Structures are given as C-alpha cells and as structure tokens.
Amino acid sequence: MNSHHLKRAEVILGCLGIDVESFARFLEWSLTEQLVGVMAEEIREKEFFSQKDALKQFRDRLRTKTCREWCPSDLNLLFDAVKATRQPHFRKKIEYGDLLKILWNLPHCCAECGARPPLVKLHIDHIYPASLGGSSKAYNLQFLCEKHNLQKSNKLKKGTPWLSLK
C-alpha cells in the first residue's frame, strides 16, 4: 500500500471518528488471528503436535506459507495458538467459587451494550470461547445479554496485538 492509499484511508477513518492508531492495532490483531486460522488449516495431521520435532516442522511450514523468518518468541506464540485451535476442547463446568467471583465483582449488565435485567436476560459468556480452549475461570467470564451472546457465539472479540513482528 503506498502513502496515497494510506492518506485516503486516514481521511475515511477520520470522517467516521475512528482513531487511526486504534484501527491499526485492531487490524493487526485481526490479521494475526487470521494467520492462526490459516496455519491451523495447514496442519491436518491429528498427531502433529505430539511429534518430537513439531515446532521445527511448524517453523518450516510457517516460513513457506508467509515467506518470512519469525523471531523465536513470535514463533512460539503462533505455535501455541495454532496448537490450541487444533485440539478438541470441551467446556468445563464453572466452579462455584468462580461463579461467586463474577456475581460479586462484575456489574450485572451486558459487557457489550450495558443493558441490565429485567430488560434483558444475561448470559455468562466465555470471553475466549471454551470451544477454542478458553477457561471457565472467572478471569475469562463476563455477562452478555442474550442477543449479544448469541451473536458472538464462539467468535473471538477484538484483542490487543500479541506478536512483536521482529
């Protein structure tokens, strides 16, 4: 993308009231999650991650797919993220202590829209979906109204960029 295209994008973002830096961080996070999905599709072998040289094989596949050398920390982060998406996950029961923590510590409203009962029915949502390996511990739980929880399903919400890209 040349500077002309970047300037045009900045103008449109400004017209929409979107901070350019915030948009860039969101785009980076989204593309990183997309890369994890692409690499997860590349690895179809059921026993891939249990092989002795799985990290080396992963590095070679990632290098071939992206035409890029990855620093060790980013390689390990991507390896772990892809590994987590390729393994079957089952929702663990929310333990009583974690339920009490969220009932006591979180506002009883939708984390997305702020709506409160009795206007809406609140669901307990896994921020990082259980089907993708998310924990059923209090730190990974939030309240969402029924509408937003069903819309979210097992999708990931925007997060912060997590690769150094060195």
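The values are calculated or read from the model by the stated rules, or taken from the named source; none is laboratory data. It should be emphasised that the depicted structure is a prediction, and the values quoted were computed from it without experimental measurement. Ideal geometry is used to build each Cβ from the backbone, glycine not excepted, and the neighbour counts take in all protein chains shown. For the accessible areas, the whole protein counts, side chains as well, though only heavy atoms, and no ligand, DNA or RNA atoms are used. Shrake-Rupley method; radii C 1.70, N 1.55, O 1.52, S 1.80 Å.
Applying 1/(1 + (r/R0)^6) with R0 = 45 Å to the Cβ-Cβ distance of R68 and W104 gives a FRET efficiency near 0.45.
Relative protection proxy for 44-55, 77-88, 105-116, from highest mean packing down: 77-88, 105-116, 44-55 (other beta-carbon atoms within 10 angstrom). Listed by chain and number, the lysines placed with their C-alpha closer than 18 angstrom to that of K65 are K56, K83, K166; residues fewer than eight positions away on the same chain are left out.
The aspartates and glutamates whose alpha-carbon is closer than 18 Å to the alpha-carbon of K137, local same-chain residues fewer than 8 away aside, are E95, D98, D125. Using a probe radius of 1.4 angstrom, the carbon and sulfur fraction of the accessible surface of the range 59-142 is 59%. Spatially, the range 67-115 and the range 1-51 are offset by 19 Å when compared through their Cα centroids. Heavy atoms of the protein chains alone define the surface here; on that basis the chain has 69 Å² accessible area per residue at 1.4 Å probe size. Histogrammed with a bin width of 10 Å, the alpha carbon distances of the chain distribute as 9, 27, 29, 24, 10, 1 percent, first bin at zero.
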